[in-house]
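The values are calculated or read from the model by the stated rules, or taken from the named source; none is laboratory data. A quick note: this is a predicted structure, and the numbers were derived from the prediction, not measured. We place every Cβ from the backbone using ideal geometry, glycine too, and count neighbours over all the protein chains shown. The protein model used for the area step is the full one, side chains on, heavy atoms only, and it has no ligands, DNA or RNA in it. Shrake-Rupley method; radii C 1.70, N 1.55, O 1.52, S 1.80 Å.
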Amino acid sequence: MSQSPRLDNRFMALRAAGLDLEDVTVDDDQVREFIRLRDEGADRARIAYEMTLDPDAVDELIRADESYAVAHRIAAGEEPMYPVPEPDQRVVDARAGSLGVPVAVLILVLAGVIVYGLLR
């Protein structure tokens, strides 16, 4: 029986987080148990109790699971990568000049080249 790609990616993200924990070793079965408990809606205390893990280790696994969930929603297009800025935070291009300035300079240069060519 194969697992869905989402579960495989989630498992790998949590497995990597489990490897980064200090003073705790989280094996594959514990990662699966953590996923099961999280999917059931278990809170931090219940997960720590049932898995006999340090609450700080559970916090790290929860952070990794939540980070994966956000990344998955962004990748699926369900959530924007960056929030839309408020109207007072929008970036406005207020540089001096406009598109007309380079065009006017180009026309003057071309006219100068033509006049120079005619006078020569």
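Scanning the stretch 17-41 for residues that are hydrophobic (A, V, I, L, M, F, W, C) and either touching a helix residue (DSSP H, G or I) at 6+ places or on another chain (Cβ under 6 Å) or over 13 Å from I62 (Cα atoms) (or both) turns up A17, L19, L21, V24, V26, V31, F34, L37.
When R32, R38 are screened for being in contact with a Phe, Trp or Tyr (Cβ under 8 Å, 6 or more places away or on another chain), free of Cβ contacts under 8 Å to residues at least 40 places away in the same chain and closer than 23 Å to M12 by Cβ, only R32 passes. For the stretch 25-38, the criterion of being open to solvent by 90 Å² or more (accessible area, probe 1.4 Å) and among the basic types (K, R) is satisfied by at least one residue. Inspect all residues belonging to the stretch 13-24 and state whether any of them is open to solvent by 50 Å² or more (accessible area, probe 1.4 Å), over 22 Å from the mean Cα position of the chain (by Cα) and at pLDDT 90 or above. No, that holds for no residue.
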